[in-house]
Amino acid sequence: MKIEKIIPLLKAKIVCGERRINDEICNVFSSDLMSDVLTLDSENILLLTGLANVQTIRTAEMAEIHYIVFVRNKKATEEIIQLAEEHEMVILESPFSMFKASGILYANGLNPLF
Amino acid sequence: MIELKFHISGGDFDTAGTASSETKKILKQLNIDSKVIKRTVVALYEGEVNIAAHAWKGEVAVTVKDHQIVALLKDEGPGIADINMAMLEGFSTASPKVREMGFGAGMGLPNMKKNADLLEVESTPGVGTTVRMSFDF
């Protein structure tokens, strides 16, 4: 599924990475625990998280994750956006809870990792 | 052979990850296999976060040889009382502040072991910890 289709499904706002709006996503992982994210072997996934800080972006950078949705109205700070842009990441902000956002994406055919 | 050195400040979660990020850039420039780069920087980042989370200060040295990357992380801090326990998934002595940052789940050292070809940990309680990892390619 393309990022541009995910945006309306999650009533999300894109805060950086607009030029990658046509990128295709197959797998989604939902977690607030960066320790868990760092154990993933898969790449090119969409990360749903309620943890909006610089270490979320650093974790994504190391784990080769380029697509992040901040759920339950968590906002990306200027520092987060700057770091995410440096690494060509797409950041979305959604008002939905992690559970709701995950459920919508699952119901629309995106795959879980486990 | 290329050598990189970084200073890590204990408790500084604003800059934690800088050493791993800089190392990743260099390894990419050297055209090292992407899977090796990922293994290296994930383990290095876990180590950096451990220093930021637990130690007072630390030094990271990364050496890139012909077919191996070696990372040496040396910190001054409280050390690890029981290394065998620290190697178990789920064992953690991290503070609430560290947990709020998304870490402290007791998966750092086990994940470093999973990603490195060799992991050696030496620690003296009250003095500090030295972690040596190597990654073959």
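The values are calculated or read from the model by the stated rules, or taken from the named source; none is laboratory data. Just so it is clear, the model here is predicted, and its values are computed rather than measured. Cβ coordinates were reconstructed from backbone atoms using ideal geometry, including for glycine residues, and neighbour counts include every protein chain displayed.
Considering only the stretch A:6-114, give the strands (runs of 3 or more DSSP E) lying wholly within it that have at least 1 residues that are hydroxyl-bearing (Ser, Thr, Tyr), touching an Asp or Glu at 6+ places or on another chain (Cβ under 6 Å) and at pLDDT 95 or above. Please lay out each step first, then the result.
Values: elements: A:13-16, A:27-30, A:45-49, A:67-70, A:90-93.
So the answer is A:45-49.
Within the stretch B:66-87, identify whether any single residue is in contact with a Pro (Cβ under 7 Å, 6 or more places away or on another chain) and closer than 16 Å to B:Met133 by Cβ, and answer yes or no.
Yes - at least one qualifying residue is present in the stretch B:66-87.
Any idea how many residues of the stretch A:30-55 are within 7 Å of chain B (Cβ to nearest Cβ) and of a type in the set (S, T, N, Q)?
Within the stretch A:30-55, residues that are within 7 Å of chain B (Cβ to nearest Cβ) and of a type in the set (S, T, N, Q) number 4.
Do we find that A:Thr39 is β-branched (Val, Ile, Thr) and farther than 20 Å from B:Glu48 by Cα in this structure? Please lay out each step first, then the result.
On the way: β-branched (Val, Ile, Thr): yes; farther than 20 Å from B:Glu48 by Cα: no.
No.
Residues are listed down the side, and each one gets a yes or a no for (1) over 11 Å from the mean Cα position of the chain (by Cα); (2) within 20 Å of A:Leu38 (Cβ to Cβ); (3) of a type in the set (Ser, Thr, Tyr):
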| position | (1), (2), (3) |
| --- | --- |
| B:Ser34 | yes, yes, yes |
| B:Gln68 | yes, no, no |
| B:Met85 | yes, no, no |
| B:Glu89 | yes, yes, no |
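Report yes if A:Glu61 is closer than 20 Å to B:Tyr45 by Cα, within 10 Å of chain B (Cβ to nearest Cβ) and surrounded by fewer than 18 Cβ atoms within 10 Å (Cβ to Cβ), otherwise no.
Values: closer than 20 Å to B:Tyr45 by Cα: yes; within 10 Å of chain B (Cβ to nearest Cβ): yes; surrounded by fewer than 18 Cβ atoms within 10 Å (Cβ to Cβ): no.
Here the answer is no, as A:Glu61 does not meet what is asked.
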